[in-house]
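This report concerns only the one structure given below.
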Amino acid sequence: MDDLSKSSMKFFSDQQLCFADILLPHEVQARIQVAVLNFLKILSSPDPAISDLPLINRKSSNSRLSEGILTDVSWIFLSHSFCSRSLMKANATKAFIRVWKVMEMCFEFLTQEKRVTQRELFYKLLCDSPHYFSSQLEVNRTIQELCAKDVVALLRCSRHSLGIMASSKGLVAGRILLQEPNQEVVDCSACGSSGYAISGDLNLLESLIMKTDARSIVVVEKHAIFQRLAEDHVFNQIPSILLTAKGYPDIATRFLLHRMSRAFPDLPILALVDWYGSATRTKDLWAEWTVVNFKFETFRNPAGLAILSTYKFGSIGMGLEAYRYACNVKWLGLRGDDLQLIPQQSLAPLNPRDLQIARSLISSTTLQDNYRQELAVMMQSGQRAEIEALYFNGYDYLGLDIGDPIGGTPCRQLHNRFLTQPQDDGGCGNQGFRIKGYWCCWLWTKMVPNVW
């Protein structure tokens, strides 16, 4: 907007960087009340007008990558470049009203000291205002606009502060003990292939007591791969914590991973994703409305590298809160050097959308060089590989069977072609183990230090 001074919705717009505050319910309500009063003041002035809603732009041109001075974590943030939502524009009328309806509903929930999920909010809004909300997607987009754009000019607060809980689909398994307040300790290594379900309540996740003897955290893109690794108890052979969001990462899963990174700062976080993945494979509602970093605005289903980047940097769509979720995630695999394990018939050709995503990623000024080189290899090959392609080596490739110890054969010697420098033997000492599950061998030999 050219003249923000005429807006009734301006909070902190003199600051260069935009961040969403973590507020108490009464503080959120106070900001909503101020916004309403200012709106009515302009409407009832001698020169009455319906003020526009100034929204922070969620475009790559308005985003920056922040690099911590005392930390190795980087995250996306947004600057104060505005667009507007106007009641007077025919194509924006419904969107204008939806924002106010969601604010009204949030004010009501906060008054009642309740929290709601996105789905609960959708049905409430659908019953209350059916002319403005005809699908859950429209509610999701409205919440996104309110929390990622409008809140900067209107309220400057996080979605969780508004009383909206994250709809979590994430799971945890492996060598970590979790204890919720006044509850028994949960041993995630005993949760089976189903894992420990991550709560959508960020306050609960913040209060979790966590203990671990793991040596790494492995973020798994796909639920099926997570189940296979958990079922085979890979975390007992490679002391680790397994985590998945079943595709595109939701806020609760990202928040818990961020909490783990703070609680266990010495544990490397490693991501296992498709070698590029499919841009048409996953129908993820979160990905439908969350704008991914590196110019993924138009793509509903992010590729493996986009998923990794969201864990690592956050997204433009949630740029106001990215600092709360960003982690220093490394790319474990799949990568180009893994293709020698996969037969040609298991590879799929890159489709036009895949190539367009790759070009957008490569053109990003924030993408690190080794990621860009890997993307160049993908584009040159014209192919993509999914994690499941490793099953070519046998169904038990994703499993592992520990045999008798064999003297003088440390784990690092089991698959030397992956080794570029000496690696840790995983605590096996001079005895080592015969690993019959080839997958565990591949996973271990790549974990340290051949990750980015």
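It is to be established whether one or more residues within region 117-132 are at pLDDT 60 or above, in contact with a strand residue (DSSP E or B) (Cβ under 7 Å, 6 or more places away or on another chain) and surrounded by fewer than 18 Cβ atoms within 10 Å (Cβ to Cβ).
Filtering region 117-132 for residues at pLDDT 60 or above gives 117-132.
From what's left, in contact with a strand residue (DSSP E or B) (Cβ under 7 Å, 6 or more places away or on another chain): 117-118, 121.
Among the residues that remain, those that are also surrounded by fewer than 18 Cβ atoms within 10 Å (Cβ to Cβ) are: 117.
Within region 117-132, one or more residues are at pLDDT 60 or above, in contact with a strand residue (DSSP E or B) (Cβ under 7 Å, 6 or more places away or on another chain) and surrounded by fewer than 18 Cβ atoms within 10 Å (Cβ to Cβ).
Sort out which residues of region 316-330 are at pLDDT 75 or above, touching a Lys or Arg at 6+ places or on another chain (Cβ under 9 Å) and of a type outside the set (Lys, Arg), and write them in order of number.
Taking region 316-330 and keeping what is at pLDDT 75 or above, we get 321-330.
Narrowing the set further to residues that are touching a Lys or Arg at 6+ places or on another chain (Cβ under 9 Å) leaves 321, 324-330.
Within region 316-330, 321, 325, 326, 327, 328, 329 meet the criteria.
For region 246-266, how many residues meet the condition of being hydroxyl-bearing (Ser, Thr, Tyr) and either over 21 Å from the mean Cα position of the chain (by Cα) or in a helix (DSSP H, G or I) (or both)? Working first, answer last.
First, the residues of region 246-266 that are hydroxyl-bearing (Ser, Thr, Tyr): 248, 253, 261.
Adding the requirement that they be either over 21 Å from the mean Cα position of the chain (by Cα) or in a helix (DSSP H, G or I) (or both) leaves 253, 261.
Summing the residues that are hydroxyl-bearing (Ser, Thr, Tyr) and either over 21 Å from the mean Cα position of the chain (by Cα) or in a helix (DSSP H, G or I) (or both) in region 246-266 gives 2.
Looking only at region 1-31, filter to residues that are at pLDDT 80 or above, among the charged types (D, E, K, R) and in a helix (DSSP H, G or I); which one of those is farthest from residue 99 (Cα to Cα)? Break it down into steps so the answer makes sense when it comes.
Narrowing region 1-31 to residues at pLDDT 80 or above: 21-31.
After this cut, where a residue has to be among the charged types (D, E, K, R) as well, the list is 21, 27, 31.
Then keep just the ones that are in a helix (DSSP H, G or I); that gives 27, 31.
Working: 27: 19, 31: 15 Å.
The extreme case among them is 27.
When you scan region 134-152, do you find a residue that is in a loop (DSSP other than H, G, I, E, B), modelled with pLDDT of 80 or more and in the same structural domain as residue 35 (by TED's automatic domain parsing), even just one? Before you say what the answer is, go through the steps one by one.
Going through region 134-152, the residues in a loop (DSSP other than H, G, I, E, B) turn out to be 134-135.
In the following step, the residues that additionally are modelled with pLDDT of 80 or more were identified as none.
Within region 134-152, not a single residue is in a loop (DSSP other than H, G, I, E, B), modelled with pLDDT of 80 or more and in the same structural domain as residue 35 (by TED's automatic domain parsing).
Of all residues in region 356-370, which are buried (at least 16 other Cβ atoms within 10 Å of the Cβ) and without any contact (Cβ under 8 Å) to a residue 40 or more places away in the chain?
Once the filter is applied, which keeps residues that are buried (at least 16 other Cβ atoms within 10 Å of the Cβ) and without any contact (Cβ under 8 Å) to a residue 40 or more places away in the chain, region 356-370 yields only 362.
Working only within region 337-351, note down all residues that are in a helix (DSSP H, G or I), more than 27 Å from the chain's Cα centre (by Cα) and either of a type in the set (Ser, Thr, Tyr) or buried (at least 16 other Cβ atoms within 10 Å of the Cβ) (or both).
Step one: of region 337-351, the residues in a helix (DSSP H, G or I) are 337-341, 344-346.
Narrowing further to those that are more than 27 Å from the chain's Cα centre (by Cα): 340-341, 344-346.
Residues satisfying the conditions are 341, 346.
Could you list, in sequence order, the residues of region 362-402 that are modelled with pLDDT under 70, among the polar types (S, T, N, Q) and not in a helix (DSSP H, G or I)?
Hits for region 362-402 are 365, 366.
Picking from 34, 102, which residue would you name as being in a helix (DSSP H, G or I), closer than 24 Å to residue 126 by Cα, of a type outside the set (Phe, Trp, Tyr) and modelled with pLDDT of 70 or more?
102
Say whether the condition of being touching a strand residue (DSSP E or B) at 6+ places or on another chain (Cβ under 8 Å), on the phi < 0 side of the Ramachandran plot, modelled with pLDDT under 90 and surrounded by fewer than 23 Cβ atoms within 10 Å (Cβ to Cβ) is met by at least one residue in region 278-290. Spell out how you get there, then give the answer.
The initial filter retains those residues of region 278-290 that are touching a strand residue (DSSP E or B) at 6+ places or on another chain (Cβ under 8 Å), namely 278.
Still in the list and also on the phi < 0 side of the Ramachandran plot: 278.
Going one step further and asking which of them are modelled with pLDDT under 90, we end up with 278.
Subsequent filtering for residues that are surrounded by fewer than 23 Cβ atoms within 10 Å (Cβ to Cβ) retains 278.
Taking every residue of region 278-290 in turn, at least one turns out to be touching a strand residue (DSSP E or B) at 6+ places or on another chain (Cβ under 8 Å), on the phi < 0 side of the Ramachandran plot, modelled with pLDDT under 90 and surrounded by fewer than 23 Cβ atoms within 10 Å (Cβ to Cβ).
Quick check: anything in region 184-200 modelled with pLDDT under 90, assigned to a helix (DSSP H, G or I) and either in the same structural domain as residue 386 (by TED's automatic domain parsing) or buried (at least 20 other Cβ atoms within 10 Å of the Cβ) (or both)?
Within region 184-200, not a single residue is modelled with pLDDT under 90, assigned to a helix (DSSP H, G or I) and either in the same structural domain as residue 386 (by TED's automatic domain parsing) or buried (at least 20 other Cβ atoms within 10 Å of the Cβ) (or both).
Please determine whether any residue of region 229-245 is closer than 23 Å to residue 161 by Cβ and either of a type outside the set (S, T, N, Q) or part of a helix (DSSP H, G or I) (or both).
yes
The values are calculated or read from the model by the stated rules, or taken from the named source; none is laboratory data. These numbers come from a predicted model, not from an experiment. Using ideal geometry, Cβ is built from the backbone for each residue, glycine included, and neighbour counts are taken over all protein chains shown.
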